[in-house]
Amino acid sequence: AAKGGGRGQYRFYSNDLKDSAHQRRETEEDLRDALARGELELHYQPVVRTSDNIVTGFEALMRWNHPERGAISPGEFIPIAEESNLIVVLGEWAIRQACADAAQWPGDLRVAVNVSAHQFTTESLPTTITSALASSGLKPEQLELEITETVFMGDVEAVEQMFKRLKKIGVKLSLDDFGTGYSSLGYLRKAPFDKIKIDQSFVRGCTEKDNTNFAIITAIVSLATALKMETTAEGVEAMDELGLIRTLSATNVQGFIYSRAVPQAQVVEKLATGDLTYKPMGPAKHRADRR
Ligand code: C2E
Ligand code: MG
Ligand code: MG
Ligand code: MG
């Protein structure tokens, strides 16, 4: 029954129950054991340089293969992990696993790991990172941490301190889902990000005729460029969206147009060919590509 939705496709299991407190508690209990049972896995989605289609790195995205419920989307289990504090343990595992996996890739490709707001101000984060780097042999500048604007909703001074400690280690910091949170440009001064990731909601369906999204993306890219930050356009699915992102000179593109997130084995296999380019593919192809 777990395979009912097609190979690895995310079924939103029992939607009617999803919101019930009972269901949440059950998910939380299962999640507590998921790590030990080896049910969690990282998949990797390529981040492709806009100018030449060359992959610059991959974003690690967590996958949960539940024994009875099949694949559960991170959109469903990450919020539960955040509420229950489990996110710290899961997040530490993700950092260690991503560093170990990325160390197997050729060259200096980067790996980006999502770090929840709560995890970001956890005292042990720098130690987790230095130990993950040391045991994998990955260079600090190959590790990128993605955080969202929500971190600034908490203790801003603690966030600033953490930035300093992480910059000292030498890892890269990206601002994820930019433009969707409580955007205040003031924090760009306090928090020197290396990259801004433009949220999919601005990119999806963006056309030159859609003046609002077009204007917003133009403004984000020009702000980032002035601040010497890279930009990644997230969620690019269509050829015309890619064309527009190229026109607007965003540095990188991440989206189904190049690839979905795939298991480590597939990344290794692709990189072993020595071909570091990804070819954009039409929507019919990437829909059929689901796995
Ligand atoms: P995110 O960090 O913004 O990751 C990008 C999400 O957009 C991923 O969804 C990815 O599969 C999806 N995506 C990429 N390109 C396209 C596209 O062209 N079209 C569409 N429709 N979607 C695209 P995913 O893997 O379901 O992850 C959802 C969110 O869950 C992530 O958003 C992130 O906030 C969170 N997450 C995933 N893994 C982790 C993790 O290890 N730790 C933490 N704290 N959060 C994670
Ligand atoms: Mg992300
Ligand atoms: Mg994002
Ligand atoms: Mg997101």
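The values are calculated or read from the model by the stated rules, or taken from the named source; none is laboratory data. What you see is a predicted model, and the numbers here were worked out from it, not measured in a lab. Glycine also receives a Cβ, built like all others from the backbone with ideal geometry; neighbour counts cover every protein chain displayed. These area figures cover heavy atoms from the full protein model, side chains too; ligands, DNA and RNA do not enter into them. Shrake-Rupley method; radii C 1.70, N 1.55, O 1.52, S 1.80 Å.
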> Are any residues in segment 19-48 open to solvent by less than 60 Å² (accessible area, probe 1.4 Å), closer than 22 Å to V267 by Cβ and either of a type in the set (V, I, T) or in contact (Cβ under 8 Å) with a residue 60 or more places away in the chain (or both), and if so, which ones?
Replying inline: L42, H43, Y44, Q45, P46, V47, V48
>> Checking the structure you have, find out if any residue of segment 71-84 is more than 19 Å from the chain's Cα centre (by Cα) and part of a strand (DSSP E or B).
In response: no
> Looking only at segment 258-269, which residues are in a helix (DSSP H, G or I) and buried (at least 18 other Cβ atoms within 10 Å of the Cβ)?
Replying inline: Q264, V267
> Could you say which residue among L185, L86, L125 is open to solvent by 10 Å² or more (accessible area, probe 1.4 Å) and within 15 Å of ligand 1 (Cβ to nearest atom)?
Replying inline: L86
> Would you call S51 open to solvent by 10 Å² or more (accessible area, probe 1.4 Å), in contact with a helix residue (DSSP H, G or I) (Cβ under 6 Å, 6 or more places away or on another chain) and of a type in the set (S, T, N, Q)?
Replying inline: no
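Among the listed residues A226, A261, A233, which satisfies the condition of being over 19 Å from the mean Cα position of the chain (by Cα) and either among the small types (G, A, S) or closer than 20 Å to P74 by Cα (or both)?
One residue alone meets the criteria, A226.
Considering only helices (runs of 4 or more DSSP H) fully contained in segment 109-199, which possess at least 2 residues that are within 16 Å of ligand 4 (Cβ to nearest atom)?
In segment 109-199, the matching helices (runs of 4 or more DSSP H) lie at 117-120.
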> (1) within 13 Å of ligand 1 (Cβ to nearest atom); (2) of a type in the set (S, T, Y); (3) more than 30 Å from E230 (Cβ to Cβ): which one isn't true of Y44, the others all being true?
Replying inline: (3)
> When segment 236-257 is examined, which residues are found to be touching a residue at least 24 places away in the same chain (Cβ under 8 Å) and open to solvent by 10 Å² or more (accessible area, probe 1.4 Å)?
Replying inline: E237, A238, M239, D240, E241, L244, R246, L248, S249, T251, F256
